Amino acid sequence: MKDAGRSGGRECSAPGRAQTHRTFYNQACILSVYGTMLARQFPDLQWLKKQANTSFSYLKAINGRTLADSGWPNVVMNAKASRTVRDGIKGPLSLFANRSGESIVTVDRRRVVVRPGMFFVSNAGQYYSLEIGNTPAETVNIHFGEAFSDSALRSMHTSPEQQLDGKDNTHSPSFFNRLIGQDPALSSLLGRIITPGRSALEEETDLYDILAWLVRDETVIHQRRAQLAALKASTRTELMKRMLTVTDYLYSMPAAQPDLDELARISCLSKFHFLRLFKLAFGQTPHQFVTAVKINRARALLRDTPADVRTIAVSLGYADASTFSRTFHRHVGVYPSQFRFS
């Protein structure tokens, strides 16, 4: 007979045990008891690099307090800044986003512009750089704690029966570095995660839901990769990376009007080889993808900003407001002015 407090042969930890908590904060931070730090200012860069390069083995927080154990804790960096360069930081699994303005994120020589409504994914152990220009930006960068992400990812790949028997699957997936386009559900989760005064239960639940969303999206990417015409898995992976380089560009440059030759050059493929592979990977032509990016961006601008229809049309690369309005109506079923007040 199993002892009380045990499940499937595994001892159940009592809520509130000190070793499950982390302490990582300074005067510009709000910390939940379970270790999710909501930071309103960027920490000292050299200090952070030293900590990150040693997996926080010094067990020291920004203000000298002691961490419970090594490894990145959960950090939500909601900072307003301009003229900022934070380069060469060894990060955990991370999601980069902005509420306003734009930033540039570089990972493994992949340099992308992140604007409101877009999200960039980097993996644990990858070095990242973050740049913000003269125009102020408000970041919402989520750095998933190592212990948290390992445990959460294992739970997503372990059946209830295995969990009760104490047989967690060891699973540490590597995500494709990529920009993710407009997604209302993910935007809503990021909006909640930066709200102060929330309970530890709410914070960890939202972090788990964000991670689960990323896993689901990654699953779709791998399904698309499987559609690519190549015998070797490594070749399909390389081709998918090239396709995602193109979609990064399209998400970053919503005003662009690229032709097929330009997109093929970005992918380092011949023009018609690229066209065939793009259609296999995404189930639509590059033109259809570009239009969808513009329409989704237009929805967000109409919903979240006071910009007039002409200004939005120009920002999305349309020649005039009437062309934009007709295109929007064709895809959404209403004109931009009607959508705004619906």
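Using a simple charge model, +1 on the beta-carbon of Lys and Arg, -1 on the beta-carbon of Asp and Glu, nothing else, what dipole does the range 193-342 show about its Cα centre, in debye to the nearest 20?
Numbers: 20 positive and 15 negative charges, 152 e Å.
The dipole magnitude comes to about 720 debye.
Sorted by mean Cβ packing within 10 Å, highest first, what order do the peptides 105-117, 250-262 take?
Numbers: 105-117: 17.7, 250-262: 15.6.
Highest to lowest by the protection proxy: 105-117, 250-262.
Return the subset of LYS232/LYS294; LYS80/LYS294; LYS49/LYS294; LYS49/LYS232 for which the Cα-Cα distance in this structure is over 30 Å, preserving the input order.
Values: LYS232/LYS294 34 Å; LYS80/LYS294 27 Å; LYS49/LYS294 38 Å; LYS49/LYS232 38 Å.
Check vs 30 Å cut-off fails for LYS232/LYS294; LYS49/LYS294; LYS49/LYS232.
What Kirkwood radius, in Å to one decimal, follows from the Cα pairs of the range 180-264? The partial results should precede the final answer.
Numbers: mean 1/r = 0.0642 Å⁻¹.
After inverting the mean inverse Cα-Cα distance, the result is 15.6 Å.
Find, among the chymotrypsin sites (Phe, Trp or Tyr not before Pro) in the range 280-342, those assigned to loop by DSSP (not H, G, I, E, B) with at most 14 other beta-carbon atoms within 10 angstrom.
PHE341
Quick note: the coordinates plus some simple rules give every number you see, no bench work behind them. Model, not experiment: these values are computed from the prediction. Cβ coordinates were reconstructed from backbone atoms using ideal geometry, including for glycine residues, and neighbour counts include every protein chain displayed.
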